[in-house]
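So the structure is just underneath, and the comments pick up after that.
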Amino acid sequence: MRPGVVAGSFKKRPPASSGRPFGPFLLMILAVAIAMGGAFLFLELPFELSAAAALGLVPGLLVAIFIMRRPFAGLLLIYFFMYVRPQDIITSLRPLHLPLLLTFGVFGIYVINVIRDSQKRVYWSGPMTTYAALIVFMVINVFTSINNRHAFDFFRGTTQTIIFAFLTTTLVSNVKDMSKLLRLWIIWHVYLCCKGIMQFAAGTLDGTTGSVGSNFLGDENDFALALVVVFPFLFFSIQKSKSPREKLIWTILTGMVLTTIMLTMSRGGFLGIAVTLIFCWLMSPNKLRNLVVMAFLVIFVAVLAPPQYYEEIASIKNTDEGTANLRKEYWMSGIRMFAEYPLVGVGQGNSPIYMADYINLPNANTKWGRAMHGTIPLLLAELGVIGFILFATLFIQSFRRVYYMVRIPIRDPDTREFIEYMSLSCSASMIGFVVASTFLSALYYPHIYLLSAFCIVGYKLALMAHDQEEEGEEKPA
């Protein structure tokens with residue numbers, strides 16, 4: 001029998017998802033390694049930046065003390081710097097790598113708290129074990145790749161994202177905190193929408209929203225992917241809202257995100273949001289009402305869409321022309337790399353270096369350093385069969401938690417409704433990510449790691465709610 005709810009009890013659970021003690025010694029080793037790496041980076045900074053960093057030690061210490069007292073606030077701060085990205089506006093902050101420093105800093109503070117409190121339990125789940133295996137695999141690739149520096153940079157970025165996901169699963173301990181995190185996450189995407197809409201209205205970015213940030217928000221296609229990922233959380237917020245006022249606000253914000261995806265002129269974004277909308281409707285409880293809501297939103301966006309948007313979307317079928325044909329060649333070059341390095345791939349971040357040798361086009365040397373423009377070919381080319389198995393395992397583990405979280409018996413109606421909201425939103429978001437990322441090199445973007453963390457948190461909160469209700473029943477009257 002598949003593990004789950006058994007005859008009204010909850011004796012069995014999906015494997016590798018319960019909180020259990022984690023070795024403080026291992027966490028301490030990680031913290032020492034991070035501290036040594038931070039000290040090395042500090043010494044390598046130019047004098048001006050070293051002086052600025054030294055001046056920031058006092059406010060940094062105050063922030064660290066505040067985070068030590070309220071670790072969840074530190075997690076929110078990481079989300080803020082990852083999505084709002086004030087370092088893109090205040091350019092003098094860029095060399096300080098604040099998202100990196102915050103992530104490892106909050107993790108270091110968390111490790112200190114674990115070491116200080118011997119009774120503290122770390123919620124370690126199956127996906128986190130997969131993440132740990134991925135980190136070990138990438139460490140090996142750093143030494144075997146032809147360009148070690150590129151491999152190390154991608155390893156460092158992925159490790160930062162995985163630690164960020166780990167902190168999300170561990171520091172979110174109740175429904176109230178998760179609700180607050182999701183609301184802020186959505187608000188920051190609304191801010192990015194406002195930024196994108198204003199850039200489109202200015203008309204200086206070739207008729208698109210352009211880039212709204214650096215890193216995983218680097219162009220309009222990346223931006224569309226991020227909005228496809230967040231869209232289900234807005235749409236299902238309409239369903240769970242109680243008052244007409246809340247429903248109206250969430251409908252407006254959902255329409256705003258949908259409009260911004262259109263303004264990106266991204267064909268991958270169009271396919272991603274189309275599949276996401278269909279899945280959201282199929283999974284929604286009141287299909288007739290939601291069909292009306294969706295029809296209204298789609299008609300509203302269609303009326304606002306400029307003529308060039310329809311021309312761009314119509315070009316999807318022209319797979320043998322322009323960028324579509326070039327993208328197919330990039331994908332085939334990735335398959336050729338995989339055929340020659342099937343087990344471990346060419347190493348993270350190294351496929352652009354091999355591109356000129358494996359692409360079948362005239363003037364192939366001009367394609368050196370080009371991106372793969374496809375997540376699956378990129379995964380196969382850079383991480384091989386082992387990487388594919390690890391990411392497939394991660395998806396399966398995440399979907400299993402989505403499946404089981406709604407099958408855990410919870411009597412409290414508000415908690416049960418929130419768990420159902422998490423399950424629907426996470427599943428729709430992951431499907432949207434898979435479709436929209438087909439045309440992007442999104443393997444190392446934070447979306448999949450973040451969604452996996454949300455699945456873990458949803459399942460953890462469902463377990464906690466059930467166990468608390470069971471304990472309440474066992475207490476004598």
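So here's what we get for this one:
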quantity	calculated
V136, V122 arranged by Cβ crowding within 10 Å, fewest neighbours leading	V136, V122
Sorted by Cβ neighbour density within 10 Å, fewest at the top, the residues V84, V175	V84, V175
GluC sites (Glu not before Pro) within the stretch 294-379: DSSP coil, no more than 15 neighbouring Cβ in 10 Å	E321
Hydrodynamic radius of the stretch 333-408 per Kirkwood, over alpha carbon pairs, in Å	13.5 Å
Karplus-derived 3J(HN,Hα), 6.51/-1.76/1.60, for each residue of the stretch 445-458, Hz, glycine and proline x	5, x, 4, 5, 5, 5, 5, 4, 4, 4, 4, 4, 5, x
Neighbour-count order for F300, F72, F233, fewest beta carbons within 10 angstrom listed first	F300, F72, F233
Stretchable slack from R370 to A73, in nm (0.36 nm times residue separation minus alpha-carbon distance)	103.0 nm
Whole-number percent relative contact order across the stretch 182-317, with pairs defined as alpha carbons under 8 Å at least 6 apart	22 percent
The stretch 221-279 - Kirkwood radius from inverse mean 1/r over Cα pairs (Å)	11.6 Å
V122 long-range amide H proximity, modeled H, under 5 Å	R20, F22
Pairwise centroid distance, computed over Cα atoms, of the stretch 400-477 with the stretch 255-327, Å	26 Å
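FYI, it's all coordinate maths here, none of it is from the lab. Model, not experiment: these values are computed from the prediction. A quick note on method: Cβ atoms are made from the backbone with ideal geometry, for glycine too, and the neighbour counts reach across all protein chains shown.
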